[in-house]
Amino acid sequence: MRKLLFVSIALFAVASSFAQKKLSIKDITPELSVYPCQDRYEALVVIRCSEDFELEFKSNVDRELSITREVEGTEKIYNIVFKTREEGTSFKGRMLSIMAPFFDKIYVPLELKQKEKKEFLVSDPYSSLRSPFYSYLEKGNELFTEGMYGQAKDQYHMAQRCPEYLDFDNTIDQYLTLCDSMISWTEIVDEAEAKGDYYRARDYLAMMTNNNTKCVTLRERYNNVMIDYNIRCNADMANGEQYMLDGYYEKAKAVYQNAVAMRNPRIAEAEYKLHEIEKLTYKKTNKTRTFFYQSLENCPIGFMSAGCMPSGSAGYFSMNLNKSCFDLLTNINERFDEFTMDYQVNVSAGWTVPMYKSYAFLYFTPFAYTGGGCSIIMPKGEASGDNMFTTFVNQDIRWYHAVSPEVGIILKYWRVALNYKYKYKYWIGDCDGLKDVLGSSVHSFGVGIAW
């Protein structure tokens, strides 16, 4: 795109500089002409022109020119007053530039003296002959400015057949190439507008406007496309947000993708939304979320929640406990002086990694905890009479801890999920024989759903 824009601007620069006609200038100063300016250090230059175009003037040593314009019949008269002396300023080498539309600039050297008056006649040497070459060229330029590139090409082709064509080093050919480009770009803009691709239409219209700055139709079309572009950008973001709220992720994806393609001013937000949609649809398609009822030896009450990502790792969390944990909270445990495990809790959190597509996953962690304990009822006072214990007793809860790394496998098909887990316990501290009661390893099974 940038390369195309550079080439087109270069073509325009070349095209805008060619096909300039030559102005004719003639010194018509009458003899003994004087400019009466009293004691002022000034001189007068009079430029006469009977053509239908206006002249412009510029001096290489005068920052501003004092110009008055008069009309006598069909003749325009430009009176330009020049200073001939000014403190700290030199007027040597003064050059007056005379410019007219579609004509080469002409330069008139002016070595003026005080009260001197000079007159020049400026004309188009072809105005009386109306050379076909210039007629075709002027008509082609008019049609090009109006955006009628096909008709402009016809005029340029006619100009190519004139003898004067050879004097322009085939620059008309380059202008014809620009016409072909403008025609091609117009078709691209038409197609882009029909498809609602206002970003592409905007870019090409901007390029066309740079190459034909005087075309009113192009400027109007560019402004209209910019209005449509802004409306579409705002609509895409509003519709995408509503589709997300309603759960229509595919529709939201389509409008956000269009926002990115059109370089929406809120493109960063659109890209973020597309990322969110990708994650949501990925989870839904692959049913990456699972939830299990998890049964563990001596801890039948449990669950496990795991993420199963076919293309990357995820995490899981599990917890198991037994009924005595609830009894502990309600103070209804009545075990006396026995060394068995009343309370058990297992908590773990780790990672899942895919083994085979979206069907088999390995999960593991060193970050797992097993806690267990028992309640022992002890007499508070001495024995009295036939009573073995006094009425008041103390309840002592002994709690033990273990680090219990685990590893397992998850099998998943459609919405059904199964898992197996192996756990090993490293008891911490003096367990008073608890390891013999509870053991050092345990197996677990779970059944659940995937969604």
Rg and Dmax of region 86-230, Cα atoms only, in Å: 22.0, 70
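Arrange the residues VAL353, VAL46 by how much accessible surface each exposes, largest first, with a 1.4 angstrom probe. Before the final figure, lay out the partial values.
On the way: VAL353 45, VAL46 5 Å².
Heavy-atom accessible area, descending, gives VAL353, VAL46.
Can you give the FRET efficiency to the nearest 0.05 for TYR426 and LYS279, using r as the Cβ-Cβ distance and R₀ = 30 Å?
Working: r = 38 Å, r/R0 = 1.25.
So the FRET efficiency works out to roughly 0.20.
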Checking the cross-link filter: which lysines have an alpha carbon closer than 27 Å to that of LYS76, excluding same-chain neighbours under 8 positions apart? LYS21, LYS22, LYS26, LYS58, LYS105, LYS113, LYS115, LYS117, LYS118, LYS139, LYS214
Given 0.36 nm per residue, what is the gain on full extension from SER295 to CYS37 after removing their alpha carbon distance, in nm? 81.2 nm
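Which loop trypsin sites (Lys or Arg not before Pro) in region 131-201, with loop taken from DSSP, have no more than 13 other Cβ atoms within 10 angstrom of their Cβ?
Working: sites: LYS139, LYS153, ARG161, LYS195, ARG200; in loops: ARG161, LYS195.
In loop regions of region 131-201 (DSSP not H, G, I, E or B), the sparsely surrounded trypsin sites (Lys or Arg not before Pro) are ARG161, LYS195.
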Heavy-atom SASA rank of VAL447, VAL189 (probe 1.4 Å, accessible area, largest first): VAL447, VAL189
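Run the numbers for ASP52 and LEU411: contour at 0.36 nm per residue of separation, minus the present Cα-Cα distance, in nm. Could the numbers behind the result be given before it?
Numbers: separation 359, 0.36 × 359 = 129.24 nm, distance 9.12 nm.
Additional length available on full extension: 120.1 nm.
When the solvent-accessible surface of protein heavy atoms is calculated with a 1.4 angstrom probe, in what order do LYS26, LYS279, LYS425, LYS118 fall, highest first? Walk me through the intermediate numbers first.
Values: LYS26 125, LYS279 95, LYS425 10, LYS118 50 Å².
These residues rank, largest area first, as LYS26, LYS279, LYS118, LYS425.
With a cap of 15 neighbouring Cβ atoms within 10 Å, and only residues DSSP puts in a loop, list the chymotrypsin sites (Phe, Trp or Tyr not before Pro) found in region 174-205. Intermediate results must be reported in sequence, preceding the final value.
On the way: sites: TYR175, TRP185, TYR198, TYR199, TYR204; in loops: none.
Within region 174-205, no chymotrypsin sites (Phe, Trp or Tyr not before Pro) qualify (loop, at most 15 other Cβ atoms within 10 Å).
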When the charge dipole of region 249-332 is computed with +1 at the Cβ of Lys and Arg and -1 at the Cβ of Asp and Glu, the Cα pointing farthest to the positive end, of SER318, GLY307, TYR256, is that of TYR256
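So between GLN151 and VAL71, what do we pick up on full extension, going 0.36 nm a residue minus the alpha carbon distance? Please report the intermediate quantities before stating the final value.
Details: separation 80, 0.36 × 80 = 28.80 nm, distance 3.64 nm.
Computed gain between GLN151 and VAL71 is 25.2 nm.
Does region 174-299 come out rounded, prolate or oblate, given a ≥ b ≥ c as the square roots of the eigenvalues of its C-alpha gyration tensor, rounded meaning a/c under 1.5 and, failing that, prolate meaning a/b above b/c?
Details: a/c = 4.90, a/b = 3.48, b/c = 1.41.
It is prolate, given that a/c is not under 1.5 and a/b is the larger ratio.
Over all directions, how big on average is the projection of the convex hull of the alpha-carbon atoms in region 70-158, in square nanometres? Intermediate results must be reported in sequence, preceding the final value.
On the way: hull surface 36.3 nm².
If you wrap the Cα atoms of region 70-158 in a convex hull and average its projections, you get 9.1 nm².
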SER24/ASN223 FRET efficiency (R0 45 Å; Cβ-Cβ; nearest 0.05): 0.60
Determine the relative contact order of region 112-211: mean sequence separation of Cα pairs under 8 Å and six or more apart, normalised by residue count, in whole percent. 19
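The values are calculated or read from the model by the stated rules, or taken from the named source; none is laboratory data. Quick caveat: nothing in here was measured; it's all calculated off a predicted structure. So basically every Cβ, Gly included, is an ideal-geometry build from the backbone, and we count neighbours across all protein chains shown. These accessible areas exclude ligands, DNA and RNA; they are computed on the full protein's heavy atoms, side chains included. Shrake-Rupley method; radii C 1.70, N 1.55, O 1.52, S 1.80 Å.
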